[in-house]
Every structure is written in C-alpha cells, then in structure tokens.
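Structure first, then comments.
Bear in mind that the values in this text are calculations on the coordinates, not laboratory data. Since the structure is predicted, the reported quantities are computational estimates derived from the model, not experimental observations. Cβ atoms come from the backbone with ideal geometry, glycine included; neighbour counts cover every protein chain shown.
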Amino acid sequence: MAEIVAAALTSHAPLITGKPEVSRPEQRDRLYAGFHELHRRLAAARPDLLVMFVNDHLQNFPYSNMPAFCVGLAKAYDAPSPGGARLMRIPPRKIAGAPEWGMALLESGLAAGFDFAYSYEIESWDELSVPLHFLTPEGAVPVVPVYTNCGAPPLPTPRRCHEVGAFVGAFIRSRPATERVALVATGGISHWVGTPETGRINPDFDQRVLDHVARADIEPLIRLTRDEIERDGGNGGQEIRNWIALLGAVPGWKGEVLAYAPVAEWITGCATVWVHP
Amino acid sequence: MIATSYALNKILTALARQHLSKDRLTDDDLAGHDLSEAERAALEAGDIAALYHLGANPYLIRRVFRSRFPI
C-alpha cells in the first residue's frame, strides 16, 4: 500500500507574501522559519504527490454552482495567476496537477458514497499559492487539491469534512506501494476578513485548536458548529475544516506546532504545524 | 438560516475574477444587474458594512473594495 510520508497544516493569507514588510519582524521571522522548516521536512520525505485540503475564495466556484467538496482534475494549477501574483507579490507560476490520480480518487469516492464534484480548471488564490511558495519553491511535486466549501455558507459540517479526509486516507492506503504521498491542509486559524470585524484575531481560539491538534484530540473540533466557529474564529476560522479533513486521513497523528503568531497586520492567526505518527 | 444576496454576489464575483479593485461602483458597473435599491446604494457608496449586512460574501467584499478596509 502507498505510504503517507508527511503531513502539514498551515495558514494561508495573501498578505503573508503580499505585505511582509508591514508585520512585526519577530512574528514574520518566526512564521517564515516555520514555513522553511516545513519545506525542509517535506523535501526530506521525498513525496511523489501532494494531496492538499484547501478552500476556494469565490475565485472559481460561483454562487450559481457551489460544490461542498471538489476534486481538482487539472493538468496544472495557476498558483498564482498573473492577476493574483500582483497582489500576493510572488511570481506567477503553474503547478503540475495529477489528473489521473485525481480521477481515481473521484471514482473511488463516488463508489463509496462521497459525492465529490470535480473541476478541470482552477485558478488558485492564496490557498495553494502562498503555502506552496514556501513548501515547494522548486514546484516539482504535482498536487491534487481537494476543495471544501469553507467560505460560502451553508457549509459542510466539520464531521463530514473529517469523514471525507478519512476516506482520502483510506484511498491513499489502497494505492500501489510505490507511491509516496504527502498531505497539506491550508487555512485558518482565526481571522475575520471582509466582515465589519475585519482585522480581529482570537488567539484563545487559535491556541485551543492547536492544543487539540497537538494531542490528536480532535473530536471537540469535529463537534464544533458553524456558528461556534464563526463566533470564536471568525469567517476565516471556518477554514479549519481543511485541517480537520487532513487529520481524518491520519488518525492518531499529532501536531507539532513549529510556529504560531497572531499577525494583526496579516489579519490572521497564523500557524505552521508538522503532523506525525 | 444563512442570508445571502445572490444578486450582490453575482456582480462582486464577476469583478473579483477580473482582479478589479474598486472604491465604489458606477452605474455602468451595475448595468444589467437585478439589484434592490439598498443593494445598489451600498455598491455605489462602497459601503462595506452595509454590503455585509445585505448578504454579500465577505471575501468578495474584501476583494472588490480592498481600498475601503483600513487594514
């Protein structure tokens, strides 16, 4: 069976790369060091493929057709596009996809009762572009993104996200032994973005999430309702669904928090977490 | 129950996808869109709080009216 050789959780925010200069140097340095350490560990794990649990920001999926879960089948992903690159201030580039692998996941999911949508064309925003800028600067590892609706309510429940992640983990373990797969989930932790409370961060909520992740005690996170997350973690906090999905794929694995900082200037409670058996 | 304005989100999605940032929308921007008076007024004023309360998606508000946010 194929092996899950690495797993990581990170925040994503366009300002992490778009406006590094406005953040406090000690916070920026800590987080950038966390990203660089994730890069080092990920490279050492020599993955053939990154399966990424992420969410769209209305860049791709419109209100006329909004998937709860969507498997990417693109040959390559804009990460970022030239338009997004201007705002994120990182070079535009294409990251290779793995459409055959994605199709196998999709077909297996549908057969098992996970009714994924699928997409052959995705322009990523910060959900892929910013973390991959740090994690795979060489751009050599293809990605299969699994998009979860975290930003256009009503949203799938955290429990369902966990079940989807568990399915993805089981699917990977059913694959040929030669495959080395790394998992990366991006988003969160607390942030209020675009709402009247834009800029608010809740470090208490962030610490609670990180503590649960560190202890592999995620049932309390799975039980969170959308309203509870919105109240304590903001609309951006809904993105912890991606983390919950990843943790569903690697039951019992614990998070090692490499860096955390509530970066007011990036309007995000930012973390980088390595997850291991 | 989630309050969402499809009309607001439709016009904001179209602008966000073009990577256009606006301070306020004009009559030209709004042409052909089926908006309530309150929605039209909020878009023309660039009133980000009003847009939120009228059911615009906050990510789209942020993308299109970036200049309206102090941070």
What's the extension gain from A:MET1 to A:ARG89 if we count 0.36 nm per residue and subtract their Cα-Cα distance? 27.7 nm
Taking a ≥ b ≥ c as the square roots of the eigenvalues of the Cα gyration tensor, with a/c under 1.5 meaning rounded and otherwise prolate when a/b exceeds b/c and oblate if not, the protein assembly as shown is prolate
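By average Cβ neighbour count within 10 Å, what is the ranking of A:29-39, B:34-44 from highest down? Each step should come with its number before you reach the end.
Numbers: A:29-39: 18.9, B:34-44: 16.4.
The most tightly packed comes first, giving A:29-39, B:34-44.
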Per-residue average of Cβ from other chains inside 10 Å of B:17-25: 2
Amide H of A:GLY187: which non-local residues (sequence gap of 5 or more, or other chain) have their own amide H closer than 5 Å, using H built in the peptide plane? A:THR10, A:SER11, A:HIS12
Over the range A:1-63, with a single point scatterer placed on each C-alpha, what log10 of the ratio I(q)/I(0) does the Debye formula yield at q = 0.13, 0.15, 0.29 1/Å? -0.53, -0.67, -1.24
For the range A:36-55 and the range A:117-194, compute the distance between their C-alpha centroids and round to whole Å. 12 Å
Computed E for B:HIS33/A:GLU121 - FRET, C-beta separation, R0 25 angstrom, nearest 0.05: 0.50
Per residue of A:35-45, what is the mean number of Cβ atoms on other protein chains within 10 angstrom of that residue's Cβ? 0
Counting only residues 5 or more places away or on other chains, whose amide H sits under 5 Å from the amide H of A:GLY97 once H atoms are built in the peptide plane? A:ALA76, A:TYR77, A:VAL143
B:ALA45-A:ARG46 pseudo-label distance in nm [points 7 Å out on the Cα-to-Cβ vector]: 6.3 nm
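Contact order normalised by length for the range A:165-246, with contacts defined as Cα pairs under 8 Å and 6 or more residues apart; what percent is it?
43 percent
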At a Förster radius of 30 Å, what calculated FRET efficiency corresponds to the Cβ-Cβ distance of A:ASP217 and A:ALA170, to the nearest 0.05? 0.90
Going by a ≥ b ≥ c, the root eigenvalues of the Cα gyration tensor, does the range A:1-107 fall in the rounded group (a/c under 1.5), the prolate group (a/b larger than b/c) or the oblate group? oblate
Counting only residues 5 or more apart in sequence or on a different chain, those whose built amide H sits under 5 Å from that of A:ALA216 are A:GLY255
Apply the Karplus curve 6.51 cos²θ - 1.76 cosθ + 1.60, θ = phi - 60°, to the phi angles in the range B:59-71 and return the couplings in whole Hz, x for Gly and Pro. 5, 6, 4, 5, 5, 7, 9, 3, 5, 7, 8, x, 10
Please work out whether the range A:55-145 counts as rounded, prolate or oblate from its C-alpha gyration tensor, where a ≥ b ≥ c are the square roots of the eigenvalues and a/c under 1.5 means rounded, while otherwise a/b larger than b/c means prolate and anything else oblate? oblate
Ranked highest first by the average count of other Cβ atoms within 10 Å around their residues, in what order do A:75-83, A:40-48 fall? A:75-83, A:40-48
Using a 7 Å offset from the Cα along the Cα-to-Cβ direction at both B:ARG24 and B:ARG66, what is the distance between the two label points in nm, to one decimal? 2.1 nm
Only Cα pairs within less than 10 Å get springs; with that Gaussian network setup on chain A, which residue of A:ASP56, A:ASP227, A:ASP211 has the largest fluctuation? A:ASP227
Charge dipole (debye, nearest 20) of chain A; +1 at Cβ of Lys and Arg, -1 at Cβ of Asp and Glu: 360 debye
For the range A:3-131: relative contact order, % (alpha-carbon pairs under 8 angstrom, 6 or more apart): 36 percent
Which of A:VAL51, A:VAL181, A:VAL22 ends up with the largest GNM mean-square fluctuation for chain A, with Cα atoms connected below 10 Å? A:VAL22
Using the Karplus curve 6.51 cos²θ - 1.76 cosθ + 1.60 with θ = phi - 60°, work out ³J(HN,Hα) for each residue of the range A:95-112 in order, rounded to whole Hz, and write x for Gly and Pro. 9, 4, x, 9, x, 5, 5, x, 5, 5, 4, 4, 5, 5, x, 4, 5, 9
Average beta carbon contacts from partner chains per residue of A:151-159, 10 Å cutoff: 2
Karplus ³J(HN,Hα) for the range B:34-39 (6.51 cos²θ - 1.76 cosθ + 1.60, θ = phi - 60°; Hz, whole; x = Gly/Pro) runs 8, 10, 6, 4, 5, 5
